[in-house]
Amino acid sequence: MNMEAKKVPSHPRTAIVTGAARGIGLETATRLVRDGYRVALVDRDPQVKDSAAALGAESAVAVAVDVAAAEAPLQVAEAVRGWAPPSVLVNNAGISPKVNGRSNGLLQIEQAEWDLVMNVNLYAAFRMCQQFIPGMRDMGWGRIVNVASLAGRSKSIVAGATYMASKAALLGLSRSIASQFGPDGITCNSVAPGRVDTLMGAAGGTGQNTDYAAQIPVGRIGKAHEVAAAILYLASEDAAFVNGAVIDINGGFFMS
Ligand SMILES: NC(=O)c1ccc[n+]([C@@H]2O[C@H](COP(=O)([O-])OP(=O)(O)OC[C@H]3O[C@@H](n4cnc5c(N)ncnc54)[C@H](O)[C@@H]3O)[C@@H](O)[C@H]2O)c1
């Protein structure tokens, strides 16, 4: 255990962002590239190839995989071989199943939905952390940012039980990693967005978001770049003393 100030890896550093074909993940990957990172954009949507191409072949690589697949972390590691070992990992891929724009009630949830949501929102992050923490530990520097949700922090007016449970568990995973690997120069933090204007945030239709916005003190739902900005901060050297924290990004809908 080295309690000295940790060495900051020199550029170009490597970052991994899951769920980066669009939305919060793409906004995060774009900002990391702008900050001089090489970024692996991981997504099951083939659109990820265009998203990465738009950022430039020197700076971005697409990894078109389902993060829920057990082999996904190895495929990501393979894709960035030859780059600096990854020092930033953003676990952002997530799903929130809807039926006609609404989450299933507890009594309607089938085992398959539970397993799918846990696999994508929680187990995939766990496996990515297991894959990339050893390299960060060797460097003595790492940043893990997990994209949780307001729904993992408090009650939700839109999310279902599977989603809420997965995001609350992701916060627990984050705190465990923060405790265990802080001494190795690795921080692990989370962001907990409220309603954000992405494809996921549009699932309930504009009427639902208008009603939602009326209950948010700032009077609107959030934008992907507003979440990405917080992720970039948590991934930065400036955030070295922030560990195991959750940044709520919800316009004041939930205040803790
Ligand atoms: N939009 C919101 O209102 C909101 C609120 C709170 C938290 N979040 C969280 O923010 C994160 C990003 O969501 P977003 O709003 O940008 O939604 P989005 O649906 O626009 O983007 C999610 C991305 O994740 C990818 N993805 C989903 N499942 C995947 C899998 N199994 N393997 C690989 N990629 C997968 C999708 O293809 C998509 O590109 C999610 O974790 C979500 O739970 C979103």
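Some notes on this structure:
- Enumeration of residues in segment 163-183 that are of a type outside the set (A, V, I, L, M) and either at positive phi or open to solvent by less than 40 Å² (accessible area, probe 1.4 Å) (or both): Tyr163, Ser166, Lys167, Gly172, Ser174, Phe181, Gly182, Pro183
- Residue tally, condition part of a helix (DSSP H, G or I) and open to solvent by 10 Å² or more (accessible area, probe 1.4 Å), over segment 134-149: 5
- Annotation for segment 62-71: at least one member residue is more than 10 Å from the ligand (Cβ to nearest atom) and surrounded by 14 or more Cβ atoms within 10 Å (Cβ to Cβ).
- Number of positions in segment 87-96 that are open to solvent by 20 Å² or more (accessible area, probe 1.4 Å) and away from the ligand (no atom under 11 Å from the Cβ): 0
- Only one of Asn104, Asn119 that is closer than 24 Å to Leu199 by Cβ and more than 13 Å from the ligand (Cβ to nearest atom): Asn104
- Every pair of residues 6+ apart whose Cβ atoms lie under 6 Å, when the first sits in segment 228-256 and is under 19 Å from Asn92 (Cα atoms) while the second is β-branched (Val, Ile, Thr) and assigned to a helix (DSSP H, G or I): Ala228/Thr28; Ile231/Thr28; Ile249/Val227
- Subset of segment 217-228 (residues that are open to solvent by less than 80 Å² (accessible area, probe 1.4 Å) and within 12 Å of the ligand (Cβ to nearest atom)): Ile221, Gly222, Ala224, His225, Glu226, Val227, Ala228
- Residues (open to solvent by 10 Å² or more (accessible area, probe 1.4 Å), more than 12 Å from the ligand (Cβ to nearest atom) and within 20 Å of Ala245 (Cβ to Cβ)) located in segment 122-131: Phe126
- Restricting segment 10-40 to residues that are of a type outside the set (Val, Ile, Thr) and in a helix (DSSP H, G or I), the residue that is farthest from the ligand (Cβ to nearest atom) is Arg34.
- The set of residues from segment 227-253 being touching a helix residue (DSSP H, G or I) at 6+ places or on another chain (Cβ under 9 Å) and either aliphatic (A, V, I, L, M) or closer than 15 Å to Gly23 by Cβ (or both) comprises Val227, Ala228, Ala229, Ile231, Leu232, Ala235, Ala239, Val242, Ala245, Val246, Ile247, Ile249.
- When we screen Gly36, Gly23 for residues that are crowded, with 20+ Cβ neighbours inside 10 Å and of a type outside the set (D, E, K, R), the only hit is Gly23.
- Filter result for Gln208 (open to solvent by 10 Å² or more (accessible area, probe 1.4 Å), assigned to a helix (DSSP H, G or I) and touching a residue at least 24 places away in the same chain (Cβ under 8 Å)): yes
- Taken over segment 59-110, the criterion of being among the β-branched types (Val, Ile, Thr), outside any helix (DSSP H, G or I) and under 17 Å from the mean Cα position of the chain (by Cα) is satisfied by Val63, Val65, Val67, Val88, Val90, Ile95.
The values are calculated or read from the model by the stated rules, or taken from the named source; none is laboratory data. In this text, all values refer to a predicted model and were calculated from it rather than measured experimentally. Glycine also receives a Cβ, built like all others from the backbone with ideal geometry; neighbour counts cover every protein chain displayed. Heads up: the accessible areas ignore ligands, DNA and RNA and are worked out on the full protein's heavy atoms, side chains in. Shrake-Rupley method; radii C 1.70, N 1.55, O 1.52, S 1.80 Å.
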